[in-house]
Amino acid sequence: MHMKLSNYFLPVLKENPKDAQIASHRLMLRAGMIQQSSAGIYSWLPLGLKVLSKIEQIVREEQDKAGALEIKMPTIQPAEIWQESGRYDDYGLEMLRVKDRHDRDMLYGPTNEEQVTDICRTHIRSYRSLPLNLYHIQWKFRDEVRPRFGVMRGREFLMKDAYSFDNSAEAARVAYNKMFVCYLKTFARMELTAIPMEADTGPIGGDMSHEFIILADTGESGVYFHKDWMNKNLVADIDYDADLEPVIKKFTELYARTDEKHEPDNCPIDVSELIQKRGIEVGHIFYFGTKYSHAMGASVSGADGKPVDLHMGSYGIGVSRLVGGIIEASHDEKGIIWPESVAPFTVAIVNLKPGHGTADALSKKLYDAAIMNGHDCLYDDSSESAGAKLATMDLIGIPWQLVLGPRGLEKNIVELKHRKSGKTIEITAELAYSFISSKGSLTLPETA
RNA sequence: CGGAGCGUAGCGCAGCCUGGUAGCGCACUACACUGGGGGUGUAGGGGUCGCAGGUUCAAAUCCUGCCGUUCCGACCA
């Protein structure tokens, strides 16, 4: 959605907020994306919400393509279903418990296995209705002892959670593989290198649990992986109907583990090939079998007419965490460097001197062209000083910036800056017009 | 939950030790000059000093309790 800066709400900060220790938190506050409400709980301001929504939409599109069906489950859940699964007492203080006016025990959902199992046990009666994968994108709450790192470790957070239902472990593996591939595609669209790492499977065991980790110096967990990961192409152009086992093998054969799974003494690869870095978990997929279906009586009739407990898997992506994660992976001393797919605006028109006839006219012409051609465009028509405008554009990380003012326009010159490469080129007003009039993604024009 | 900080204007801070008219920078308002990397000047507005007790003639300052928040650790998507 296009926007004139004079009509926008973009409360940027020149100084660093003292509470923000890491880059993403600091930059999100400075760029006017979020405002802290209380520890680990944030309001999302227009710019931040725009990014959050774009990430959410990419996640949604990829889930849909993988055959998952979107639902929406409540944030407030009844205690009963958690008592059924046995987790009401197990979960501890991380679960925010509340009572309604009738003194019934309720809770703000930290996750939704019980809720989705309840849906399926009600409506799925036959193995012929399977496989099924239901997902939702919803706010969750975990009363973390120590929230930190801004939205990366908040108490309230937006998650995508998918839940698969099958009538056997073998069938569940197919569902698992689809989500594995779906995650590769999802993170690739955000220009992230998310390495699937073996994760703890808990009491279920087996090899069906992976955490998707992006590398960042400020990551919360230490990770160990084979050096060949650094050059591996994680973009997966794969048909979901194909046999995915070879694909999964290809992406899991190289060593990659988080520090809790890595045993230096038993590491299968040589130290010379091992890289140690820090990472941020942005996704987690795992198979947990019949844990909840059994406890909650969610079974279907099998082909032989006998009941069989549903085999379930769950697949999470931290949507709000990704906003911080992407910034951690992509920023410099001036501010955020958004990948175009999630940038709040893909292109900005910076009018250095509003009120100047030629500058106003060209800005308007470029802005209209951007709108006509479907570009998410921010038009800076404010009366800030030139330096402040340019600093703000870099801070909020606009990928393409068209800068124009009286000085350049005397020679018919507009400046085009590419935030990611740092390249700035001078182009004619006409070339600027054709640049912003192009369909699809913007590319650096060939200069004559 | 263990350990350590910090709460003074929207933001960042000084003042507290040694009690006596609440300050600075940024931001904000008005005007002027400016305008190619957070510009300059002039004139303004804005604070029950986190809350509650206590000591004192007098508390931002000293004492006690509480609350909030941040960092390190343990824990976690």
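Some values worked out for this structure:
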read-out	value
Tensor-based shape of the stretch A:397-446 (alpha-carbon gyration tensor, a/c under 1.5 rounded, otherwise prolate or oblate)	oblate
Hydrodynamic radius by Kirkwood, which averages 1/r over all alpha carbon pairs of the stretch A:66-136, in angstrom	13.5 Å
Relative exposure of A:277, A:185, A:411, judged by other C-beta atoms within 10 Å (fewest first)	A:411, A:277, A:185
Ratio of the Cα radius of gyration of the stretch A:207-292 to 2.2 N^0.38 Å, where N counts its residues	1.19
Local electrostatic count at residue A:272 - Lys and Arg +1, Asp and Glu -1, tallied over other residues with Cβ under 14 Å	-2
Derived scalar couplings ³J(HN,Hα) [the stretch A:292-305; Karplus, 6.51 cos²θ - 1.76 cosθ + 1.60; whole Hz; x for Gly, Pro]	8, 4, 5, 5, 9, x, 9, 9, 10, 6, x, 4, 8, x
Approximate shape of the stretch A:340-424 as ellipsoid semi-axes (Cα gyration tensor, √5λ), whole Å, largest first	19, 15, 12
Calculated from backbone phi, Karplus (6.51, -1.76, 1.60) coupling profile of the stretch A:125-142 in Hz, x at Gly/Pro	10, 10, 4, 5, 7, 9, x, 9, 9, 10, 10, 9, 10, 8, 6, 10, 9, 10
Share of alpha-carbon pairs per 20 Å distance bin for chain A, given as whole %	23, 49, 24, 3, 0
Residue (of A:59, A:256, A:311) at the positive-pole extreme of chain A, dipole from beta-carbon charges	A:59
Cβ-based charge dipole, chain A, positive-most Cα from A:445, A:326, A:387	A:387
Contact order relative to length of the stretch A:1-135, as percent, for alpha carbon pairs under 8 angstrom and 6 or more apart	18 percent
Net charge of Cβ neighbours under 13 Å - reference residue A:258; Lys, Arg +1; Asp, Glu -1	-4
Charge context of residue A:384, other residues only, Cβ under 15 angstrom, K/R +1, D/E -1	+1
Rounded Å value of the spacing that divides the Cα centres of the stretch A:98-115 and the stretch A:212-281	37 Å
Contact order relative to length of chain A, as percent, for alpha carbon pairs under 8 angstrom and 6 or more apart	17 percent
Charge dipole (debye, nearest 20) of chain A; +1 at Cβ of Lys and Arg, -1 at Cβ of Asp and Glu	1340 debye
√(5λ) per eigenvalue of the Cα gyration tensor, the stretch A:107-213, largest first, Å	26, 20, 14
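Any read-out appearing in this document is the output of simple, stated calculations on the displayed coordinates, not a laboratory observation. Just so you know, these numbers come straight off a predicted model, no measurement behind them. Cβ atoms come from the backbone with ideal geometry, glycine included; neighbour counts cover every protein chain shown.
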